[in-house]
Each structure stands twice: as C-alpha cells, then as structure tokens.
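Single-structure report; data block below.
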Amino acid sequence: MLIGIGIDQLRVGMYVHSVDLAWFRHPFWRNRFLLETHEDLERLRDAGAQSVVIDTAKGLDVPVSGIAHERQESEARRPAVGNARKRRNSAPPADDFSNPYAAGRETPKRLTGRARRTEIRRATKTLNRSKTAVMTMFADARMGKAIKTKGISKLVEQISASVSEDASIILNIARLKTKDEYTFLHSVSVCALMINLARKLGLDPQTVKAMGMAGMLHDVGKIAIPEEILNKPTRLSDEEWTVVRNHPRRGFEILSASGLVDPLALDVCLNHHEKMDGTGYPNRTNGEFLSLAARMAAICDVYDAITSQRVYNTPLTADEALEKMQSWKGHFDQLLMKAFIESLGIWPVGSLVVLSDGTLAIVIGESPGDFTQPIVRQFHAIRSHSSLPWRDICISHDGSSPTIRSQADPADFDLPDWPLLSARLLGSDRIAA
Ligand SMILES: [Fe+2]
Ligand SMILES: [Fe+2]
C-alpha cells in the first residue's frame, strides 16, 4: 500500500516510492529505493524533502498511530469546495506527491510579428549548421576518428537560445525534414526537445546543456547500421532487427572510445530505447533503474521519429503522436510524458485548461495549420465558481484571445461529475453567444 507521510515519520527500512522533490533534486540516482541507512535519511532531509510516499509492501510500515494521524491530517487538508488557490497555498495533499515533476511549470513563450520572423531566420540558420555538424560527426565516427564535441557544444548553446526565445519555432522547423535529412536532423530535433523539456523541469543551466548535448549524440551508433537496413521501407528481418537493436551499444562504445566521459551523454546513448516496463533494448532495463535523462530521451526520441517524414511512414500530427504515445502502456514515464506535453505547449483534446482571463475551458481541437493554437470551449468562471455560457475560442498568441495558463486537474476545481461534463463539452457542437 502507498502511504504519504511526513519526513519526520520516515524510518530506515521503509521503501520510498516517491519524494516531494523533483527526483533530479533528491540525492539518489533512483527515484524509488529502500532506505537503508541513517545517512541516507539525513541526505533526504538535507535536500529539503518535506514528505514522501512509502510502499508498505516493499518495506516497513508506519506505526498504527502514525497512519491514523496522517489520515486525519489528510482529511483536514482536503480543499474547500471550489477553492483551488487555498489548496495551493496549504501543504500539498497526498495525491500531489505522485507528481515529482510539478516544479517549473510555466506557459511556453510565443513570439509574434517581427520578433517571430527574426527568430525563424535565426532558428533556420542554427538548424542548418547543426545538421552539417551532425553529418560531419557521423562521418568522422564512421572513419574511426575521434568525435569533436567543441563545435557541437557551441551549436547546442545556440539551439538552447532559440528554445528559450520560442521553442515552437525551432521545433516546428526541425520537424519539417525530408526523408534524406532525417538521420541528421533527428539528432538536432532530439537535442532541442531535450533542452525544452529540461528547462520545463527547472533543471539548472549546466544540466540543460548536457541534456541537449546528449540528444545531439544519442544516435551516433546508427553509423553501424547499413544504409539499406536504416532506410528499408518494408518490415525488417530478425537479423536486421538485431543490427538495429545494437546501435545504442555501438554508440556507447564510439563515445567512450572518443574520450567522451560525460556520463549523461553515455547514459542517454545506451538507454534511449529502454522502456519503463523493461521490454526495451539493448539491456531490457526496468524504469526503476533508468535515469531521468534516459527517460526523457525515450520520449523525445519517439516523438520526433513519429512526427517526422521517414522512408517507411507518414508523419503523425503532434496531437496524434502524443495521444498514441500516451496509449502505449509501459513504454514511457507517464508523469514525465505530461511534463513533455506541457513543454511543447500542445494541449491534447479533452485537456482541462486554465485561461488567462480566469476561466476554465476544455480543448476541443487544434487550429488547422498551427498545432500550437488549440481551439478551446470555455465553460466556467474560476473566481465565482459558476458556469458560463459555452464559447469556442481559437487560442492565438497575438493578444486577440485569452491564452492558456496551465493544464488543470478537475479535482482542483470541484467540477460536478467531470466525466459526464467533459463528455458533454466534447460531444456538443453548440456555440453559445
Ligand atoms: Fe536510437
Ligand atoms: Fe533516435
């Protein structure tokens, strides 16, 4: 059983299921672990953890009086009807412990007008330079030369600058690659996606850059895959699959031999095709043993692959890709997946969102031609906790409409019978005045 307890109740011998710190801030390399020493307990306290969720099936339980106390506290913390703000200011309720990625949420920045056009030119130049650099890197690796990371490091900084200006611009351009460009621009795309997600998670600038670098280098092992297999439009044979599945190991060897010792890049290179349920490759490593970087890379890698034009598939739209990825149980870290969706500023149909004018709306579609402009159905005023006539709004970034502040949890707003209400909102094409 999972129980939320205060840090003062935590004892050696308990199995920590999650901590109220984003896990990259807590001092252990795994997000779930058996607390074995008093030193480890102190390290968690020192890192600022206030509360944890323990799994009593895997470790010690809380003394009975402790559980009763915690449950009473938890009851007391239940939010007043419709008063989400009050809840945010109080101690987090137990169900919030389950999302270690709650930190660092901010609305993605969007440029308009001249600033946008300038950024499009800059991002295009950066992407072209990066593509050439990746081609050179792959060619060097193929010839057994050492990989020069200095130039790539500069490009990662430029990509990072573009991502912080308006991530949707560079990500949109990087997505529009031809089949021939795929192998090289895919590395650049994954670099930009990793940076964008790392920033969303609130990682420090050095780690953000390391994540970008890891994205750029993650597929270097593909040089060991013959072209005819890499670009084969039909189903791969078992032998061909074996070759493909070896590219993470091969990449790890190439980077290691190059004297590249950044453990984060090596880790991403080796583990970006592993899955949370342990069915990935090359080592079938379980999610509990996968680092944050590897779990991030798994998401960024697949997202770019299925939204890009490749020899053997037609690209999915962003929304279709995210919906598909969320349906693959056991593949990705689902909490990280949510952070990824937010980092893109793409709102899947059915998402409950808070608008900048203090209302709630549900996403009902995306505007044709720009996946970052969802169409929402506004239906609820937050402050007065009252229903509004439904109104459909195309969210734009030019000031002509409210913008989306954040994705929301229906439980935070005490919406009566949300499953039924959301079905009605999604099912109706009524546009009220
Ligand atoms: Fe790969
Ligand atoms: Fe990849």
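Every residue, every condition in (1) within 16 Å of ligand 2 (Cβ to nearest atom); (2) outside the structural domain of Asn128 (by TED's automatic domain parsing); (3) surrounded by fewer than 24 Cβ atoms within 10 Å (Cβ to Cβ), yes or no:
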{"residue": "Ile173", "(1), (2), (3)": "no, no, yes"}
{"residue": "Leu193", "(1), (2), (3)": "yes, no, no"}
{"residue": "Leu201", "(1), (2), (3)": "no, no, no"}
{"residue": "Asp204", "(1), (2), (3)": "no, no, yes"}
{"residue": "Lys209", "(1), (2), (3)": "no, no, yes"}
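On the basis of being farther than 28 Å from Ala318 by Cα, aliphatic (A, V, I, L, M) and either part of a helix (DSSP H, G or I) or within 15 Å of ligand 1 (Cβ to nearest atom) (or both), does Ile299 make the cut? Give the derivation first.
Details: farther than 28 Å from Ala318 by Cα: no; aliphatic (A, V, I, L, M): yes; either part of a helix (DSSP H, G or I) or within 15 Å of ligand 1 (Cβ to nearest atom) (or both): yes.
The answer is no for Ile299.
To keep it simple, each residue is scored yes or no on (1) farther than 29 Å from Asp412 by Cα; (2) among the small types (Gly, Ala, Ser); (3) at pLDDT 50 or above.
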| position | (1), (2), (3) |
| --- | --- |
| Leu34 | yes, no, yes |
| Ala91 | no, yes, no |
| Asp95 | no, no, no |
| Ser98 | no, yes, no |
| Leu111 | yes, no, yes |
| Ile120 | yes, no, yes |
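If the Cβ limit is 7 Å and pairs must be 6+ apart or interchain, which residue in the range 183-202 that is closer than 16 Å to Ala305 by Cβ pairs with which residue that is away from ligand 1 (no atom under 14 Å from the Cβ) and of a type in the set (D, E, K, R)?
Qualifying pairs under 7 Å: Phe184/Lys131; Leu185/Lys131; Leu185/Lys177; Val188/Lys131; Ser189/Arg175.
Suppose we filter Ala76, Ala49, Ala80 for residues that are on the phi < 0 side of the Ramachandran plot, at pLDDT 75 or above and of a type in the set (Gly, Ala, Ser); which single one remains? Full working, then the answer.
Working: Ala76 fails: at pLDDT 75 or above; Ala80 fails: at pLDDT 75 or above.
Exactly one residue qualifies, and that residue is Ala49.
Can you tell me which of Gly259, Gly280, Gly287 is buried (at least 19 other Cβ atoms within 10 Å of the Cβ), of a type in the set (Gly, Ala, Ser) and over 18 Å from the mean Cα position of the chain (by Cα)? Before the answer, list the steps.
On the way: Gly259 fails: buried (at least 19 other Cβ atoms within 10 Å of the Cβ); Gly287 fails: over 18 Å from the mean Cα position of the chain (by Cα).
Step by step, each of Gly259, Gly280, Gly287 is checked, and only Gly280 is buried (at least 19 other Cβ atoms within 10 Å of the Cβ), of a type in the set (Gly, Ala, Ser) and over 18 Å from the mean Cα position of the chain (by Cα).
Of everything in the range 223-252 that's touching a residue at least 24 places away in the same chain (Cβ under 8 Å) and away from ligand 2 (no atom under 16 Å from the Cβ), which residue is nearest to Met137 (Cα to Cα)? Full working, then the answer.
Restricting attention to the range 223-252, the residues satisfying the condition of being touching a residue at least 24 places away in the same chain (Cβ under 8 Å) are 223-224, 230-234, 245-252.
Next, from what is left, pick out any that are away from ligand 2 (no atom under 16 Å from the Cβ): 232-234.
Details: Lys232: 23, Pro233: 26, Thr234: 28 Å.
Taking the candidates together, the pick is Lys232.
When you scan the range 302-320, how many residues do you find that are out of contact with any His (no Cβ under 6 Å at 6 or more places or on another chain) and within 14 Å of ligand 1 (Cβ to nearest atom)?
Let us first name the residues in the range 302-320 that are out of contact with any His (no Cβ under 6 Å at 6 or more places or on another chain), namely 302-303, 305-320.
From what's left, within 14 Å of ligand 1 (Cβ to nearest atom): 302-303, 305-306, 308, 310.
Residues in the range 302-320 being out of contact with any His (no Cβ under 6 Å at 6 or more places or on another chain) and within 14 Å of ligand 1 (Cβ to nearest atom): 6 in total.
Here are some residues: Val302, Val363. Which one is buried (at least 18 other Cβ atoms within 10 Å of the Cβ) and assigned by TED's automatic domain parsing to the domain that holds Cys191? Please lay out each step first, then the result.
On the way: Val363 fails: assigned by TED's automatic domain parsing to the domain that holds Cys191.
None of the other options fit; the residue is Val302.
Restricting to the range 207-228, name every residue that is more than 13 Å from ligand 1 (Cβ to nearest atom), of a type outside the set (Lys, Arg) and part of a helix (DSSP H, G or I).
First, the residues of the range 207-228 that are more than 13 Å from ligand 1 (Cβ to nearest atom): 207-213, 226-228.
With of a type outside the set (Lys, Arg) added as a condition, the list becomes 207-208, 210-213, 226-228.
Scanning the range 207-228 gives Thr207, Val208, Ala210, Met211, Gly212, Met213, Glu227, Glu228.
Select, from Ala318, Ala298, the only residue that is within 16 Å of ligand 2 (Cβ to nearest atom) and within 24 Å of Gly280 (Cα to Cα).
Numbers: Ala318 fails: within 16 Å of ligand 2 (Cβ to nearest atom).
Result of the check over Ala318, Ala298: Ala298.
Looking at the structure I just gave you, is His380 modelled with pLDDT of 90 or more and at positive phi?
Spelling it out, it is not the case that His380 is modelled with pLDDT of 90 or more and at positive phi.
From the residues in the range 265-274 that are part of a loop (DSSP other than H, G, I, E, B) and crowded, with 23+ Cβ neighbours inside 10 Å, which one is nearest to ligand 2 (Cβ to nearest atom)?
His272
The values are calculated or read from the model by the stated rules, or taken from the named source; none is laboratory data. Keep in mind it's a predicted model, so treat the numbers as computed, not measured. A quick note on method: Cβ atoms are made from the backbone with ideal geometry, for glycine too, and the neighbour counts reach across all protein chains shown.
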